[in-house]
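A short reminder: the numbers here are calculations on the coordinates, not readings from a lab. Nothing here was measured: the structure is a model prediction, and the numbers come from that model. Note: ideal-geometry Cβ built from the backbone for every residue, glycine included; neighbour counts use all protein chains shown.
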Amino acid sequence: MDEKQLVIELQAGDEKAFRQLVGKYQQQVFRTAMGFVHDGSEADDIAQEVFVEVFRSVHGFRGEASLSTWIYRMTVNRSLNRLRSRKRKGFFQRIEAFFQDDADWTGEPEADCSIHPEAVVGNQETAQALQQALESLPENQRTAFVLYHYEDMAYKEIATVMNVSLPSVESLIHRARKNLQKKLMNFYKK
Amino acid sequence: MMNEQHTTERLWEFHLGNLSEEENRQMEAHLEACESCLRESEVVKQAVQEIVVERSQEVPPFLYTRIQGRLESVRKPAPLWKRTLVTSLGTILLLVSIWGGVKLGTMDVRQTSGTSVENPMGNLAINEMVNEPIEGYLFDFK
Ligand SMILES: [Zn+2]
């Protein structure tokens, strides 16, 4: 079934078409979410949210972007939202810690701006170092990096999903790589 | 030898396996000669390996079933005619059971008055509960 036909059937509420869509895009949605949240069950949760949103809003899909681009955008947005709420939670947890025990309060507003080797334990050291380094990147750098490295997307496709120019994508990926290298170098020096 | 942006991009693409044979050879030669690039290369190699591990994770099975579950809980309410039908059927059922209850109640009164004549032991259990001095029995330690 081609994409146009699939969209028509989805808009008609066809359950078989929806099942087909989930089968076709589930791995890409899951993998992209993994690139942001680095946690299987959270990525699974995001995938569910994305497909529920697809189901609910497909009637408004006008085909200005491809189905795949549309789904990627939703996945990126949901993943970034998830990380933002994680950050907020962390902030409130630090406030809570402040009221529970003054000694716990470091007064740092953004504790995850650098890698904390002390928080990294066991064999997963390098994995966690990379995750922390990725999380410290600005959102647009991280998005470009994830789409390229986790999804094997071409720069041109990334430009479409992110709605930016091709040179912007090149620059974002370059800066993301450079920043990651710097942060990881600092981590391994310690 | 190489400019900064070029080196960074080359290093990542080298570890991703995206360079041509010629470019690979150039990179290997450069890494043998340049210590600072070699250190960077180790870091990039580690990062690329971690990403490969993470992105190879499969979607947990039965994703579609979980999505269906979520959709069920937010499905639109049934159409008006269905809801009206269910409500009126429920009301009718309720009225019938009240009417039935009243009917049964009056039958019971007649039956009880009948049994008291035929079987004087019929209400024994109830009479016992009424007559038994329970509290007195429980606290009478003497
Ligand atoms: Zn060098």
Between the range A:26-77 and the range A:9-25, the Cα center-to-center distance that results, in Å: 14 Å
Förster radius 25 Å - calculated FRET efficiency between A:Phe91 and A:Asp45 (Cβ-Cβ, nearest 0.05): 0.70
Qualifying GluC sites (Glu not before Pro) in the range B:1-98, DSSP loop, other Cβ atoms within 10 Å at most 15: B:Glu58
Lysines whose Cα lies under 20 Å from that of A:Lys183, excluding same-chain neighbours fewer than 8 positions away: A:Lys87, B:Lys45
Sites B:Leu95 and B:Val74, calculated FRET efficiency, Cβ-Cβ separation with R0 30 Å, nearest 0.05: 0.30
Förster radius 25 Å - calculated FRET efficiency between A:Asn81 and A:Asp14, Cβ distance, rounded to 0.05: 0.30
Per-residue ³J(HN,Hα) for the range A:127-132, Karplus 6.51 cos²θ - 1.76 cosθ + 1.60, θ = phi - 60°, Hz, x for Gly and Pro: 4, 5, 4, 5, 4, 5
Under 28 Å from A:Lys4, Cα to Cα: lysines that are on another chain or at least 8 residues apart: A:Lys16, A:Lys24, A:Lys156, B:Lys76
Inter-probe distance in nm under a simple model that places probes 7 Å from Cα toward Cβ, at B:Glu32 and B:Val52: 2.3 nm
Principal axes of the range A:113-190: Cα extent on each, largest first, Å: 39, 19, 15
